[in-house]
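Worksheet: the structure to be examined is printed underneath.
The values are calculated or read from the model by the stated rules, or taken from the named source; none is laboratory data. Small disclaimer: the values here were computed from a predicted structure and weren't measured. Cβ coordinates were reconstructed from backbone atoms using ideal geometry, including for glycine residues, and neighbour counts include every protein chain displayed. Surface accessibility is based on the protein's heavy atoms, side chains included, excluding ligands, DNA and RNA. Shrake-Rupley method; radii C 1.70, N 1.55, O 1.52, S 1.80 Å.
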Amino acid sequence: MPKIKELRIFKLQMPLIRPLITNIRTSTDLHSLIFQLELTDGTVGYTDGTVGYGEAAENVKLTGENLATMATYAQNWAVELKGLEVAVALQKITHEPTYHAARYGIETALVDAIARAQQLAMRSYLKLPGTSMTLADDTTISIMDTAATKAATQRVIAAGYKHIKYKVSDAPSEIDRILSIQDLLPEDVTLRIDPNQTWSYAAAVTAMKRLQQATFKLAFIEQPVPVGQLEALRKLRQNSSIPIVADEAVFGFTDAQQIILGGYADMINIKLIKCGGPLEAIKIANFAAEHHANCLFGCTAEVNVALTMAACLSAGLKNVKYIDLDGLDYITAPPFTGGIISGNGQITLPRAPGLGLDLVADSTYLSKIL
């Protein structure tokens, strides 16, 4: 059984092509920790010196953790994991009792290294049944004025996107802004609305009534009210023909259980940054499937490490109905080659073992911290 030789940690800081603006935050740069985990003591069926990669994005508004606290947590794990057999290491990281944003990156790197050492595609290693190599993705349009919204909508439609997600605020004019694009949309384009917890219950009722009368196709509304207002969320679900997705209300498996068993939402948004890693994501999706609930697989501002893992999971989990993995729409020159190919509303999965990624060592955006 191979062991962990070393966990290396890099800081990634790179600009976005354009700002990502929600009612919670405005992002102009991407900040992540990148993990490179190397194996040693190869045995039959394994390749000595294999490396795997993981990513842990900084999103303080969502997780409460910045790069500094994430780095401290990760450095402690680097010491803890060194020399452990991979099975023991994987058990330790997946049974971590407290949530930390960096955990999903470390777990991803470990899973990637094991899959690559065994020369297995990620879905084969994780024993996921899906066979499709392509996924229909969306793209996100930030909060902006009406003219800019129309221009952005025309741009993404011309690029070939069939699914468009709009970030919205609590401004009284927001639904007018969204309704203003009705005449721009072809019949085969579907919208998604994401208030990011910004609406009160009364505002949500008013907004949803107007949206239900629109001529465009609306797939769902994501986390319309604050996370603490679960009863309001359930009432909206019970009185709306538009499906409701719980996002910030669901981090790990316990949250997913509460939302699904309580009937608070039609779907849940699984994100690696929230649930702590790919194995927890599978557990959440399987529980949802057992209770006849579908899932959306989402992301934050990330590069092709976390996005490739999320895409592999999405393609292999039968009840992931939608994906929102458009992080590469906002960046150029990510510090990796390989992984998913993403653009114009379609994601193609890698055929190489594991995540199929290689680090661009001379990237100007990377700096080693351990």
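Side notes on the structure shown:
- Conditions (1) under 19 Å from residue 370 (Cβ atoms); (2) open to solvent by 50 Å² or more (accessible area, probe 1.4 Å); (3) not in a strand (DSSP E or B): number failed by residue 5: (3)
- Scan of segment 244-267 for residues that are in a strand (DSSP E or B) and either surrounded by fewer than 24 Cβ atoms within 10 Å (Cβ to Cβ) or among the small types (Gly, Ala, Ser) (or both), ordered by number: 244, 246
- Members of segment 52-61 that are crowded, with 21+ Cβ neighbours inside 10 Å and not in a loop (DSSP other than H, G, I, E, B): 52, 53, 54, 55, 56, 57
- Every condition in (1) open to solvent by less than 60 Å² (accessible area, probe 1.4 Å); (2) at pLDDT 95 or above holds for residue 155 except the one numbered (1).
- Helices (runs of 4 or more DSSP H) wholly inside segment 62-119 that include at least 1 residues being open to solvent by less than 60 Å² (accessible area, probe 1.4 Å) and in contact with a Pro (Cβ under 7 Å, 6 or more places away or on another chain): 86-94, 103-117
- Candidate set from segment 332-360 (those that are under 11 Å from residue 133 (Cα atoms) and either part of a loop (DSSP other than H, G, I, E, B) or hydrophobic (A, V, I, L, M, F, W, C) (or both)); member that is most open to solvent (accessible area, probe 1.4 Å): 351
- Residues of segment 131-158 that turn out to be assigned to a loop (DSSP other than H, G, I, E, B) and closer than 22 Å to residue 321 by Cα, as a count: 5
- Restricting attention to segment 159-195, the residues being charged (D, E, K, R), in contact (Cβ under 8 Å) with a residue 24 or more places away in the chain and outside any loop (DSSP other than H, G, I, E, B) number 7.
Table: residues versus (1) under 16 Å from residue 250 (Cβ atoms); (2) surrounded by 23 or more Cβ atoms within 10 Å (Cβ to Cβ).
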| site | (1), (2) |
| --- | --- |
| 287 | yes, no |
| 302 | no, yes |
| 307 | no, yes |
| 317 | yes, yes |
| 322 | yes, yes |
| 329 | no, no |
